[in-house]
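Since the structure comes first, as structure tokens, the remarks are kept for the end.
The values are calculated or read from the model by the stated rules, or taken from the named source; none is laboratory data. All values derive from a computational prediction rather than experimental measurement. Virtual Cβ from ideal backbone geometry, glycine too; neighbours counted across all protein chains shown. All accessible areas refer to the heavy atoms of the entire protein, side chains included, with ligands and DNA or RNA removed. Shrake-Rupley method; radii C 1.70, N 1.55, O 1.52, S 1.80 Å.
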Amino acid sequence: ETVDAHRVRKVLEDCGIRVPESRYADADTLVSIAGELGYPVVLKAAVDGLVHKSDAGGVILNIGDAKTLRRAADAMGAKFDRFLVETMVSGAVAELLVGVVRDPQFGLSLTVGAGGTLVELAADTHTLLFPVSEKSIAEALERLTVSTLLDGYRGRPRGDRRAAVDAILALAECATGVTGLEELEVNPLLVLPEGQGVAAVDAMMRVRSEQYE
């Protein structure tokens, strides 16, 4: 069973992973909520279990004012009637996918890879069986093509690799404590310039239905 976004957010926060501030809204409240959060914001469809929100037209980024927000909500409202308004995290050096999955035979595994909207196209991932360590995660990250971006590709800032490794390890360790966990995925985990950390801007979690409360 797919877990609601608030519980997923709490799991991430309990792991010590930064999550952008966000609030649920409908067409009548989204402008006031965005004003309280502060522009720019991201508008998302509030649909639990909708993994590829961007593909479904359920994410609009970098909305800078109330007029643009209303226009975005009107466009999205043809498909969705409940929204999540979220503070925009800008300046990412790279986007990562981090996923923990339970296999009936092998148990928990951790997948790290290129994230964002090109995750399937890039096919740039590496999977580790549990238990994982800081060293194994760092080595897996180094093997990825997207790792080049973290080193300051073509004059761009270097990414906060240390924070990325710490966040991935924290997520893996927290996953072991979630009762009945089947899957926990963060995509994307935004890696910001060195010293600025990382941010989990979208996540999904599934647990065995008999464990869900």
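Some observations on this one:
- Residue pairs whose Cβ atoms lie under 9 Å apart, separated by 6 or more positions or on different chains, with the first residue in the range 2-15 and under 18 Å from Arg82 (Cα atoms) and the second in a helix (DSSP H, G or I), are Val3/Val11.
- Lone unmet requirement of (1) open to solvent by less than 30 Å² (accessible area, probe 1.4 Å); (2) free of Cβ contacts under 8 Å to residues at least 40 places away in the same chain for Gly116: (2)
- Elements of type strands (runs of 3 or more DSSP E) in the range 73-189, at least 3 residues being farther than 30 Å from Gly35 by Cα: 94-103, 107-114, 125-129
- Top-ranked residue in the range 128-175 [being among the β-branched types (Val, Ile, Thr) and crowded, with 17+ Cβ neighbours inside 10 Å; ranked as farthest from the chain's Cα centre (by Cα)]: Val132
- Looking only at residues of the range 192-213 that are among the charged types (D, E, K, R) and either buried (at least 20 other Cβ atoms within 10 Å of the Cβ) or under 17 Å from the mean Cα position of the chain (by Cα) (or both), we find that the one that is nearest to Asp14 (Cα to Cα) is Asp202.
- Any hit, the range 176-191, residues being charged (D, E, K, R) and open to solvent by 50 Å² or more (accessible area, probe 1.4 Å): no
- The residues listed here are Gly107, Gly99; of these, the one that is modelled with pLDDT of 90 or more and over 20 Å from the mean Cα position of the chain (by Cα) is Gly107.
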